[in-house]
1. Report ³J(HN,Hα) in whole Hz for each residue of segment 132-145, in order, from the Karplus equation J = 6.51 cos²θ - 1.76 cosθ + 1.60 where θ = phi - 60°; Gly and Pro get x.
2. Can you list residues from other chains, or at least 5 along the same chain, whose modelled amide H is less than 5 Å from the amide H of Gly7?
3. Once phi is turned into ³J(HN,Hα) by the Karplus curve 6.51 cos²θ - 1.76 cosθ + 1.60 with θ = phi - 60°, what whole-Hz value does each residue of segment 28-34 show in order, with x for glycine and proline?
4. Where does the chain land at 222 nm, in deg cm²/dmol rounded to the nearest 500, when only DSSP H runs of n ≥ 4 count, each adding -39500 (n - 2.57), divided by all residues?
5. Going by C-beta contacts inside 10 Å, put Thr43, Thr31 in order with the fewest on the left.
6. Can you run phi through the Karplus equation (6.51, -1.76, 1.60; θ = phi - 60°) for segment 172-183 and list ³J(HN,Hα) in whole Hz, with x for Gly and Pro?
7. Under 20 °C and 1.002 mPa s, how fast does segment 61-206 diffuse according to Stokes-Einstein, given a Kirkwood radius computed over C-alpha pairs? Answer in µm²/s, whole number.
8. Take the Cα atoms of segment 1-138, find their three principal axes, and give me the spread along each one in whole Å, biggest first.
Amino acid sequence: MRLVLLGAPGSGKGTQGGLIKSRHNVVHISTGDILRENVKNHTQLGLEAKKFMDAGQLVPDEVINNMLAGKLDEIGDASFMLDGFPRTFEQAQFLDEYLSKNSRPLSAVFYFAVPDQEIIARLSKRLTCKSCGKIFNGDFDSCPACGGEMYKRDDDNENTIRNRLAIFHVNNKSLLEYYAGKNILHEIAASGSPEEIFERVSVHLS
Ligand code: AMP
């Protein structure tokens, strides 16, 4: 199984990715998580990516494509799910070219559709647990799942959120057209509880 999760920042891709992973044997590859790990560890890639991430802009295609290819090389034939990649038409083409070398096309693309106003409200309240990585929207002193310390991502402030959303809309249209043309796109209404949304996804995963 080779999946792509598309959706605005805060559309619930990460949460759905976690649920898919808990039921299916797939490697969850989040380009945002890999970049944040690199920023935290002060790697060359992290230093290069940080200025784009802080401004809510996309890291250049060439940098991100190389990073993704490295990760895909690492996992070999394993099933995978991409969360946060592709973000541009060029990235989508790069991915197809990479996968076609081993005759392993994508199985399905899920687009999590959420109205912008709901996204802004969600992201302004989004907190992540430092221990288990789970994401919650609301006012929490500690993680409701494991009791760990919660933190707010640097790029979850209103200006950056608006920037990220604007960039998302510019690129997303061409991605949706591209995958609809390949008959592998499933649009999922992504308002509601994570479990309700996961049920809508599961219909296409059996
Ligand atoms: P995310 O956690 O997916 O919201 O990603 C956080 C930030 O990492 C984005 O705002 C971008 O700056 C960068 N990023 C993550 N994935 C990509 C990608 N596929 N292409 C370019 N930049 C990315």
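Taken together, the values in this text are just the output of simple stated rules run on the coordinates, not laboratory data. It should be emphasised that the depicted structure is a prediction, and the values quoted were computed from it without experimental measurement. Cβ atoms come from the backbone with ideal geometry, glycine included; neighbour counts cover every protein chain shown.
1. 9, x, 5, 10, 9, 9, x, 9, 10, 7, 9, 5, x, 8
2. Residues meeting the criterion, in which the H sits 1.01 Å from N, are Phe112.
3. Per-residue couplings from phi come out as 8, 10, 9, 5, x, 5, 5 Hz.
4. Here the helix-only value at 222 nm equals -15500 deg cm²/dmol.
5. Starting with the residue having the fewest Cβ neighbours, the order is Thr43, Thr31.
6. Along segment 172-183, the couplings run 5, 4, 5, 5, 5, 4, 4, 6, 5, x, 9, 6 Hz.
7. For these conditions, the coefficient is 123 µm²/s.
8. 44, 35, 30
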